[in-house]
Every structure is written in structure tokens, then in C-alpha cells.
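What follows draws every value from the coordinates through simple rules; no lab data is involved. Source: prediction; values computed, not measured. A quick note on method: Cβ atoms are made from the backbone with ideal geometry, for glycine too, and the neighbour counts reach across all protein chains shown.
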Amino acid sequence: MTTLTYFLLASLLLLAFGLAGLITRRTLVGMLISVELMLNGAGLSIVAAYKSIPAADGVLGQLAALFVMGLAAAEATLILAMILVVQRRFGKVTSKDVSILR
């Protein structure tokens, strides 16, 4: 197995853990952490794919991973703001309580 295979398996593992956490978590903060795991897996696979191309020096892969990290940071900021609003309105941050309209 090549190193690319190991990196892609690690990114697939991060994606699987993130998806499993997104399905099983009940709190919105736990769901946010799971989505962050999934985005980190995507960034790892992008960097590994660009490093495996012999003609490229990997700079584009690193820039793409930085873009994914910036997107994840912006997404986390917005989701945390929404979680604060939900906590103030409902008093709880579980997804079950938020899905019920009052």
C-alpha cells in the first residue's frame, strides 16, 4: 500500500466518524463537532491527492485545504451563533426540542 492509500483511509475514517456522530448525537454542539470532523477528512483527502501528483508541488492542495479550513471556521461561527439563539429561546440545545414548533 502506498502512502496515498493510508491518507485516504484516514480521511475516510474521519468522514465515517463524523457521519456516525452526526447521526447519533442529540445535541447541536455534538453535531457541529461531527461536521467539523467530516470537513477535516475532506481537507486531508485533498492534500493527499495533490501530494500524490508528481508534476505538482502540492501548493494547490494546501491552498484548497486552507480554503476548506476557512469554510469550516466560518460555518462553526454561524452554527455557534444559532446554537446561542436556540438556547436562549428554548432553554435546551437538543435537536429534538428544536424540531418541535411551538
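A few notes on this one:
- Tilt relative to the chain, helix 59-90 - C-alpha long axis, 0 to 90 degrees, to 10: 10 degrees
- With a cut-off of 15 Å between beta carbons, the residues surrounding Leu37 carry a summed charge of -1, where Lys and Arg count +1 and Asp and Glu -1.
- Fraction of the pair-distance distribution of the chain above 17 Å, Cα-Cα pairs, percent: 60 percent
- Average Cα contact separation per residue, the chain, under 8 Å, 6 or more apart, as relative contact order %: 26 percent
- Furthest towards positive pole of dipole, Ala20, Ala48, Phe67, structure part region 3-96, Cβ charges: Ala20
- With respect to the chain, whose longest principal axis is taken over its alpha-carbon atoms, helix 3-24 is tilted by about 10°.
- Loop-resident trypsin sites (Lys or Arg not before Pro) (DSSP state other than H, G, I, E or B) in region 1-63 with no more than 13 further Cβ atoms inside 10 Å of their Cβ: Arg26.
- Cα centre as origin, Lys/Arg/Asp/Glu Cβ charges: region 3-96 dipole, Debye: 600 debye
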